[in-house]
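Provided herewith is a single structure, encoded as structure tokens, for subsequent inquiry.
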Amino acid sequence: MVSNSYILTFTFILTAVVALSLTVLRQATEPMAEKNEELFKKKAILAAVKDYLPGGKSIDELSGDEILSLFDEQVQDLIVDAAGKVVAEDGGENIEVAKVWKEAPEKRQLPVYIYKHPEHTCYIFPMRGKGLWDDIWGNIALGPDLNEVVGVAFDHKAETPGLGAEIKDNPKFAEQFAGKKIFDEQGQFVSIVLKKGGAAPGDEHAVDAITGATLTSDGVTAMLKDALSWYLPYIESVKAGKK
């Protein structure tokens, strides 16, 4: 008959072995997980300037090492406050935008990513908002005039496939934004609106909404306005410095 002490000893040893194995496994996989998370984030940021990547490659054609190298060599990650003041010249990539965005607007400190392309500088601004079912987010890149859009990239948590999810899944949706402007001819901020039924030809401040996804489209419109409005003091300060 097996004694209770034997059972307890065996259980203790088995538990210790399993715990040790899990610890070793976690330590072995943690660096890879962190690198994958870093790669995912930097790829999403660079997707907003996909037309200005080296060698004419698409974002998906770049290897993980190429993305990390490109980001490190050509992207400056500032941190700015609600007044538009640069509070740090680097470190923006370490900010958890989803978490900070929940803070009161006047208390936020958020990143600005400056992509230094040989032809011209692009300013990339992260965004957060609400879609039909849950969070939506993305990055919008402005050209050196901080007015004309050079690219956008969107993502979402739970929008409907074939409808709201098109903000991410349909490349043609994002392509509409290139060349649009966030200021009117008088220099007033107007953002960019998703128009149900389609944007009027020549409208520099509107794109086509997603058919059948009105609430997601409205969410993107609100997200663009809210995010760009928050960054407006920084945008205006940079523009003023260029005059």
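Bear in mind these aren't lab numbers, they're just calculated from the coordinates by the rules spelled out. These numbers come from a predicted model, not from an experiment. When we count neighbours, we look across all protein chains shown, and the Cβ atoms used for this are built from the backbone with ideal geometry, even at glycine.
Which whole-number percentage describes the relative contact order of segment 186-234, with Cα contacts under 8 Å and a sequence gap of 6 or more?
34 percent
Now for a different question. Tilt of helix 64-74 relative to the longest C-alpha principal axis of the chain, in degrees (0 to 90, nearest 10)?
Roughly 50 degrees, rounded to the nearest 10.
In percent, how large is the relative contact order of segment 40-242, given Cα pairs closer than 8 Å and 6 or more residues apart? It would help to have the intermediate numbers written out before the result.
On the way: 381 pairs, mean separation 35.6, N = 203.
So the answer I get is 18 percent.
Moving to a separate point now. Compute the long axis of helix 214-242 from its Cα atoms, compare it with the longest principal axis of the Cα atoms of the chain, and write down the angle in degrees, 0 to 90, nearest 10.
For helix 214-242, the angle is close to 70 degrees.
Over what distance in Å are the Cα centres of segment 175-198 and segment 108-125 separated?
Taking the Cα centre of segment 108-125 as reference, the centre of segment 175-198 is 20 Å away.
Output the 0 to 90 degree angle, nearest 10, between the alpha-carbon long axis of helix 4-46 and the longest principal axis computed from the alpha carbons of the chain.
Around 20 degrees separate the two axes.
Which loop-located chymotrypsin sites (Phe, Trp or Tyr not before Pro) does segment 72-122 contain, where loop means any DSSP state but H, G, I, E or B and the Cβ has at most 10 other Cβ atoms within 10 Å?
Nothing satisfies the criteria.
Moving on. Report the charge-dipole magnitude of the chain in Debye, nearest 20, computed about the Cα centre from +1 at each Lys and Arg Cβ and -1 at each Asp and Glu Cβ.
Numbers: 26 positive and 37 negative charges, 94 e Å.
In total the dipole reaches around 460 debye.
Just flag the GluC sites (Glu not before Pro) in segment 64-143 sitting in loop per DSSP whose Cβ has no more than 13 other Cβ atoms within 10 Å.
Listed in order of number, the matching sites are Glu89, Glu96, Glu103, Glu119.
Sticking with this one: Of Lys99/Lys130; Lys41/Lys99; Lys168/Lys225; Lys102/Lys130; Lys42/Lys225, which ones are farther than 21 Å apart at the Cα?
Numbers: Lys99/Lys130 14 Å; Lys41/Lys99 15 Å; Lys168/Lys225 19 Å; Lys102/Lys130 12 Å; Lys42/Lys225 23 Å.
From the list (Lys99/Lys130; Lys41/Lys99; Lys168/Lys225; Lys102/Lys130; Lys42/Lys225), the Cα-Cα distance tops 21 Å for Lys42/Lys225.
Then there is this: Given a Förster distance of 30 Å, report the FRET efficiency between Ile114 and Ala200 from their Cβ-Cβ distance, rounded to the nearest 0.05.
Computed FRET efficiency for Ile114 and Ala200: 0.35.
Would you kindly derive the ³J(HN,Hα) couplings of segment 105-118 from the backbone phi angles with the Karplus curve 6.51 cos²θ - 1.76 cosθ + 1.60 (θ = phi - 60°), listing them in order in whole Hz, with x for Gly and Pro?
Calculated HN-Hα couplings, in order: x, 6, 9, 5, 10, 10, x, 10, 9, 9, 8, 8, 7, x Hz.
Separate question: When the helices in the chain are scored as -39500 (n - 2.57) per DSSP H run of 4 or longer and the sum is shared across all residues, what 222 nm value do you end up with, to the nearest 500 deg cm²/dmol?
After summing the helix terms and dividing by the residues of the chain, the value is -13000 deg cm²/dmol.
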